[in-house]
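Q: This is the structure, below, for whatever I ask next.
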Amino acid sequence: MADDRYRVKVYSLNKDHRWDCLGTGYVSSIYVKRLQGVSLLVKSDSQASAILESKVNSKTPYQKQQKTLIVWSEAENHGIALKFQDAEGCSEIWEDICRVQGKDPSVKITQDLLEESEDQQLDEVLETNNVFDLPNCELSKLEEISDFISSVLASPIGKERLALILENEDYIKNLLQLFHTCEDLGDTAGLHHLHEIIKGILFLNKATLFEIMFSPECIMDVVGCLEYDPALAQPKRHREFLTQNARFKEVVPITDCELRQKIHQTYRVQYIRDILLPVPSMYEENFLSTLTTFIFLSKVEIVSMLKDDNNFLSQVFAQLRDETINDDRRRELLFFFKEFCAFSQTLQHPDKDALFETLTELGILPVLKIVMSMEDLQIKSAATDIFTYLVEYSPSMIREFIMEEAQLSEDGNLFINVVIEQMICDTDPELGGAVHLMGLLRILLDPENMLATPNKCERSEFLHFFYKHCIHNFIAPLFATTSEDICDGDNVAGSDRNNTNCLSALRFMRRMIGLKDELYNCYIIKGNLFEPVVNALLNNGTRYNMLNSAVIELFEYIRVENIKSLVAHIVEKFYKTLESIEYVQTFKGLKIKYEEEKDQQNHIQRNLHSIPYSRILHRRTRVVEKEEKCFKGNSEEGEAIMPPLENDFQDRYKFMETKKTKENEDKVDPPKRASRGGYKFASSHSAPAANETHSLHGSSTVGLMNRLDDEKDKEDETPPRKRPRLSF
């Protein structure tokens, strides 16, 4: 056992779970006969008395931390810690402890911790102010400082303690002064240690430390420390790049010094995060979260300061609208504005709403219309990126501008047609710009993000506008490509005998039906667009190919989804033609769906008729009984005048005679759309002949329902025959 003595501080955990210093002395590991085992003995350096005498038990967990600290617990809530002056003494004593317990000295803890409270007690040793001694900021201590900070990063509370010490002292500034000393002396080892120290401080992830390190007087020294990565043979010249190559261009003069300084700081901090610091592993993602937040808040501050400057944005737009400026100047302005829009994504919704409203008032969209038509590819790309920010923020704002522009434009050169033209005429072999613009047009044409208010339906208005003013430009390339195929027929699917375009037309129709939009369904029915589909299926004959499968799948989808308007149209128009196809049950299934819907509507119609009929009959019975009583009372008094019952009855319920109609046995009337999305089928009924006295049982219930419906809108043009007065 080692009988060398090493200088240590002894700490003991008190009942308040705080560590008390018992004194400073020299420790040795010797065999104590009285304790019958190897013990750790600490004697005071000022007196000969023993501060600590502790037997090394074989089952006691000992933990080594920071290369200079050994911690263990001798009893519940009674922890002991030895803080060594140097790492060599700590290693010697640790080897003796491991030898007694039969452990490898490379381990950090000799036994598994059975209770969570013990683990927490051992961690608290490192995290207490009394034990937490940060090495002095000296040139000779740089290696020790580097090791100390590296060990602290593994302990969350240790990081908090270290950050607190660094905040309250000028430790970071003293380290940066040592950096200049090391550079002047050419001390490569010291510069490598400073690199690890500064990187470790950044990984503490504290905003208060970032404020110190990224201040104007410190940030370039921080960059300088990060240049000396030990993994590199030669240091990188990042400071030279930031000061000479990365020049700040003021497209419009910025008079606010604070704003200019914030822009410089944000650029350099982002450079540190993206270039100088290593990419964090999956275990280190949170190490840089506060740094990312720091950059985020800096961007918010920059955008807010620019937005509040009344003259700045006005000058930018004035120059963009100026047709006399050269392309280089216009490119610089657009690049600035693109970055400004990127920064604006960090704003909260109310601030972002106010910003984009201001941009709209300043004329951002007319400016984009001008620059997107230019030949310069960089200008086009920047304008497209700015347009992307606007579309993603508020498609409704873009749609509103487009429709207002159409009302004011005399030459028909609309902004949306310019976008379509740029998409169609993209010169990129990979069509990168065209795909980008296609995505933006898809957002603008998406009915799901269109607003609907009681006073305005954006969906119908914009789609109507688009199909009237823009669709011809949008599909011009399609017509140009397929003109030879469609010139011989009206319908692509029906006239294309080689099936080159049949499948494309079917895919388009299938996609349109898949939207389940009744506007599209009504258009299909009105245009009789299923006729070429049916003809293509019949012309295909018995061949089992892709065309056959695509058509069958289209009808099967309509059956499964039970799209009622299309089911009724197909059965009434084409079932006799398709009922002979029996190798699939699709068309019989459509017929079944049709009959089920028809029966359901008839059942609903009968129920609706029976409800008012029973109510009327019951009410009429009560009226007759009341009048009979009144008549008897009047007769007793000698009055023989009957009250005008028919007027009171007719004022409440007027019956309309239905006209006789001829039923067409060969043709079924098409279904009419009900008010609630269903379909009711029209049927004719012959009204009973008019008699001198109308009978409730003889009245047509259909006539009654029709009359009840008509009473809501207008009075009957032909008044019913008056009921004769009763006479006795």
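Q: Looking only at residues in the stretch 430-476 that are modelled with pLDDT of 85 or more and in a loop (DSSP other than H, G, I, E, B), which one is most open to solvent (accessible area, probe 1.4 Å)?
A: GLU430
Q: Looking only at the stretch 306-327, which residues are open to solvent by less than 40 Å² (accessible area, probe 1.4 Å) and either part of a helix (DSSP H, G or I) or under 13 Å from LYS262 (Cβ atoms) (or both)?
A: LEU306, PHE312, LEU313, VAL316, PHE317, LEU320
Q: So which of ARG34, ARG99, ARG7 is assigned to a strand (DSSP E or B), of a type outside the set (A, V, I, L, M, F, W, C), out of contact with any His (no Cβ under 9 Å at 6 or more places or on another chain) and open to solvent by 70 Å² or more (accessible area, probe 1.4 Å)?
A: ARG7
Q: For the stretch 332-361, which positions are among the basic types (Lys, Arg) and open to solvent by 40 Å² or more (accessible area, probe 1.4 Å)?
A: Answer for the stretch 332-361, where residues must be among the basic types (Lys, Arg) and open to solvent by 40 Å² or more (accessible area, probe 1.4 Å): just LYS338.
Q: Hey, another quick one. Does the stretch 250-269 contain any residue that is charged (D, E, K, R), part of a helix (DSSP H, G or I), within 31 Å of the chain's Cα centre (by Cα) and closer than 18 Å to HIS195 by Cβ?
A: Checking the stretch 250-269: at least one residue is charged (D, E, K, R), part of a helix (DSSP H, G or I), within 31 Å of the chain's Cα centre (by Cα) and closer than 18 Å to HIS195 by Cβ.
Q: Condition first: more than 19 Å from the chain's Cα centre (by Cα) and either surrounded by fewer than 19 Cβ atoms within 10 Å (Cβ to Cβ) or modelled with pLDDT under 90 (or both). Now tell me which residues in the stretch 386-400 satisfy that.
A: Once the filter is applied, which keeps residues that are more than 19 Å from the chain's Cα centre (by Cα) and either surrounded by fewer than 19 Cβ atoms within 10 Å (Cβ to Cβ) or modelled with pLDDT under 90 (or both), the stretch 386-400 yields MET397, GLU400.
Q: What number of residues in the stretch 191-232 are closer than 15 Å to ILE172 by Cα and either polar (S, T, N, Q) or in a loop (DSSP other than H, G, I, E, B) (or both)?
A: Of the residues in the stretch 191-232, 10 are closer than 15 Å to ILE172 by Cα and either polar (S, T, N, Q) or in a loop (DSSP other than H, G, I, E, B) (or both).
Q: Name the single residue that is modelled with the highest pLDDT among those in the stretch 10-23 being open to solvent by 40 Å² or more (accessible area, probe 1.4 Å) and part of a strand (DSSP E or B).
A: LEU22
Q: Okay, moving on. So LEU440 passes all but one of these: (1) hydrophobic (A, V, I, L, M, F, W, C); (2) without any contact (Cβ under 8 Å) to a residue 40 or more places away in the chain; (3) under 30 Å from PRO350 (Cβ atoms). Which condition number does it fail?
A: (2)
Q: If you take the residues of the stretch 112-140 that are at pLDDT 80 or above and open to solvent by 70 Å² or more (accessible area, probe 1.4 Å), which of them is nearest to THR60 (Cα to Cα)?
A: ASN136
Q: Return the pair list, or none, for Cβ contacts closer than 8 Å from residues in the stretch 228-254 that are more than 12 Å from LEU191 (Cα to Cα) to residues that are among the acidic types (Asp, Glu) and surrounded by 11 or more Cβ atoms within 10 Å (Cβ to Cβ), at least 6 apart or on different chains.
A: Once the first residue is more than 12 Å from LEU191 (Cα to Cα) and sits in the stretch 228-254, its partners that are among the acidic types (Asp, Glu) and surrounded by 11 or more Cβ atoms within 10 Å (Cβ to Cβ) give LYS236/GLU227; LYS236/ASP229; ARG237/GLU227; HIS238/GLU227; ARG239/GLU227; LYS249/GLU332; VAL251/GLU332.
Q: Examine the stretch 567-590 for a residue that is within 21 Å of PHE508 (Cα to Cα), among the aliphatic types (A, V, I, L, M) and surrounded by 20 or more Cβ atoms within 10 Å (Cβ to Cβ), and state whether such a residue exists.
A: Scanning the stretch 567-590 turns up at least one residue that is within 21 Å of PHE508 (Cα to Cα), among the aliphatic types (A, V, I, L, M) and surrounded by 20 or more Cβ atoms within 10 Å (Cβ to Cβ).
Q: Picking from GLU196, GLU217, which residue would you name as being of a type in the set (Asp, Glu), more than 14 Å from ARG273 (Cα to Cα) and either crowded, with 19+ Cβ neighbours inside 10 Å or in contact with a Pro (Cβ under 7 Å, 6 or more places away or on another chain) (or both)?
A: Criteria check complete, one pass: GLU196.
Q: Here's a follow-up. Just give me the residues in the stretch 71-96 being closer than 25 Å to GLU143 by Cβ and either in contact with a helix residue (DSSP H, G or I) (Cβ under 6 Å, 6 or more places away or on another chain) or open to solvent by 50 Å² or more (accessible area, probe 1.4 Å) (or both), in sequence order.
A: Correct list: VAL71, ALA81, PHE84, GLN85, ASP86, GLU88, GLU92, GLU95.
Q: From (1) over 21 Å from ALA87 (Cβ atoms); (2) open to solvent by less than 30 Å² (accessible area, probe 1.4 Å), pick out the condition that doesn't hold for LEU162.
A: (1)
Q: Right, another one. Search the stretch 334-349 for residues being closer than 21 Å to PHE294 by Cα and in a helix (DSSP H, G or I), and hand back the single one that is modelled with the lowest pLDDT.
A: Restricting to residues being closer than 21 Å to PHE294 by Cα and in a helix (DSSP H, G or I), the top hit is HIS349.
Q: I'd like the full set of residues that are open to solvent by 10 Å² or more (accessible area, probe 1.4 Å) and in a helix (DSSP H, G or I), limited to the stretch 174-190.
A: Of everything in the stretch 174-190, those that are open to solvent by 10 Å² or more (accessible area, probe 1.4 Å) and in a helix (DSSP H, G or I) turn out to be ASN174, GLN177, LEU178, HIS180, THR181, GLU183, ASP184, LEU185, THR188, ALA189.
Q: Same structure, new question: Going through the stretch 233-269 one residue at a time, which ones are open to solvent by less than 70 Å² (accessible area, probe 1.4 Å), farther than 17 Å from VAL303 by Cβ and not basic (Lys, Arg)?
A: Scanning the stretch 233-269 gives PRO235, HIS238, LEU242, ALA246.
Q: Taking ILE364 as the residue in question, decide whether it is open to solvent by less than 20 Å² (accessible area, probe 1.4 Å) and either closer than 14 Å to LEU390 by Cβ or modelled with pLDDT of 85 or more (or both).
A: Taking the combined requirement at face value, the residue satisfies it.
Q: Hey, could you check the stretch 270-284 for residues that are surrounded by 11 or more Cβ atoms within 10 Å (Cβ to Cβ) and either assigned to a helix (DSSP H, G or I) or among the hydrophobic types (A, V, I, L, M, F, W, C) (or both) and say which is modelled with the lowest pLDDT?
A: Ranking the qualifying residues of the stretch 270-284, first place goes to LEU277.
The values are calculated or read from the model by the stated rules, or taken from the named source; none is laboratory data. Everything quoted here is computed from the prediction, not taken from an experiment. Here Cβ is always computed from backbone atoms with ideal geometry, including for glycine, and neighbour counts include all displayed protein chains. What goes into the accessible areas is simple: the full protein's heavy atoms, side chains included, and nothing from ligands, DNA or RNA. Shrake-Rupley method; radii C 1.70, N 1.55, O 1.52, S 1.80 Å.
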